[in-house]
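Heads up: the structure comes next, in structure tokens.
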Amino acid sequence: MKTNAGKYLERPIGENEEELLEEIWNSLPPVENDDQMLDENYRNVKQRIHKHTFRRRVIYISSSVAAVCLFILLLFSPESSEKSPVFAQLNDMGISISEQKVQFMIGDSIVANLNTSARMNANPNAKTTLQSATGEEITLQEETPLKIYVPAGKRFDLELTDGTHVWLNSDTWLEYPATFASAKERRVKIEGEGFFDVKPDATKPFHVEIPGGESIRVLGTSFNVSAYSDNEENITTLVTGKIEYSLPTRTEAIALLPNEQVRVNKTTKGVTKNEVNTSEFAMWKEGILYFNNEKLPALAKQLARMYGIEIKVAEKYNDTCFSGMIRYERGIDYITKLLTTTSNITCSIENGIIHLK
């Protein structure tokens, strides 16, 4: 029997491979839907689909002298928070949860707890204000430094007075002025992780300062910066535009173009610049944790920040690596089961702390 399956041979197989198979299957005459009667074209497409789904969904192990790497290439659909609220799940598991709220500070004083987002409003004829997602406003003095702290288990979305948009990841500090009106440049400080979509202004360059004396200079662009104090590297990834990355150990700044990333080892001060898939480094904004050949202690640290919990890893698994993509809504129970069923790792909860051993 000959079918029209040949027209599908060049079609890329992605997230909808089951739909593609169904489409081909339905194109066959009903009485002849038998694998033994399918032509070579159809078997070819089906084989490609099978191989692709196997690569995406089945976990495999590869060994090397340096480490044992467990690769989990998974695409998850989100579950509704009504069905399985993440925090309710954590409580049911007996896991200690960080109850800290997003804090808005003027100087060193906490003046408000915030929800998920806020925006700065600057009116020439009135005071600058911070407006929360619930509509509440806080009047500010221009000369006072402002700070926002996003604790573990939370994310935050902030719009500055110049129209620059900043997404802040868990366990992140941002310091910024109430307004840039009287300044020659726009300057903020961050410790943690943030994605910046900077409003263009050729007369006022935008600077992001990170710990260690490093800084990023932009005019109008979008980029992700990861500068956690307890990470081995500071990582900056450029999505659009152009930035200059400055280090106190270098006389010349490092120029980055779109799809480029700079990594700075905080111990050795070594610098590497590479081309990357930038979308992978901004998935956290959408509640997705992406990890590529990540050692288990580093992955555990990301999960701990993501859920506001504590995770301890046995030393013997320090060189065990994982790759994958996990949605926040899946919950820590699903993730720990995934880790334990794909390796020799066992998971236990003791005094509200997850132990991987």
- Query: Which residues, counting only those in region 305-318, are under 19 Å from THR342 (Cβ atoms), open to solvent by 40 Å² or more (accessible area, probe 1.4 Å) and out of contact with any Pro (no Cβ under 9 Å at 6 or more places or on another chain)?
  - Reply: LYS316
- Message: Return the residues of region 136-154 that are modelled with pLDDT under 95 and either open to solvent by 40 Å² or more (accessible area, probe 1.4 Å) or β-branched (Val, Ile, Thr) (or both); say none if nothing qualifies.
- Response: GLU136, GLU137, ILE138, THR139, GLN141, GLU142, GLU143, THR144, PRO145, LYS154
- Task: Could you please give the count of residues in region 321-335 that are farther than 23 Å from PHE281 by Cβ and either open to solvent by less than 10 Å² (accessible area, probe 1.4 Å) or touching a residue at least 40 places away in the same chain (Cβ under 8 Å) (or both)?
- Result: 2
- Single condition ASN259 does not satisfy, out of (1) touching a residue at least 24 places away in the same chain (Cβ under 8 Å); (2) open to solvent by 30 Å² or more (accessible area, probe 1.4 Å): (1)
- With respect to LEU247, determine if the residue is under 21 Å from the mean Cα position of the chain (by Cα) and either open to solvent by 10 Å² or more (accessible area, probe 1.4 Å) or more than 19 Å from VAL150 (Cβ to Cβ) (or both). no
- Message: LEU238 - would you say it is outside any loop (DSSP other than H, G, I, E, B) and under 16 Å from the mean Cα position of the chain (by Cα)?
- Response: yes
- Task: Search region 166-192 for residues being open to solvent by 50 Å² or more (accessible area, probe 1.4 Å) and free of Cβ contacts under 8 Å to residues at least 40 places away in the same chain, and hand back the single one that is nearest to ASN231 (Cα to Cα).
- Result: GLU191
- Item | Output for region 125-159, where each listed residue is more than 30 Å from LEU303 (Cβ to Cβ), touching a residue at least 40 places away in the same chain (Cβ under 8 Å) and in a loop (DSSP other than H, G, I, E, B) | GLU142
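The values are calculated or read from the model by the stated rules, or taken from the named source; none is laboratory data. Please read all numbers here as calculations on a predicted model, not as lab measurements. When we count neighbours, we look across all protein chains shown, and the Cβ atoms used for this are built from the backbone with ideal geometry, even at glycine. Accessible surface is based on the protein model in full, side chains and every heavy atom, while ligands, DNA and RNA are left aside. Shrake-Rupley method; radii C 1.70, N 1.55, O 1.52, S 1.80 Å.
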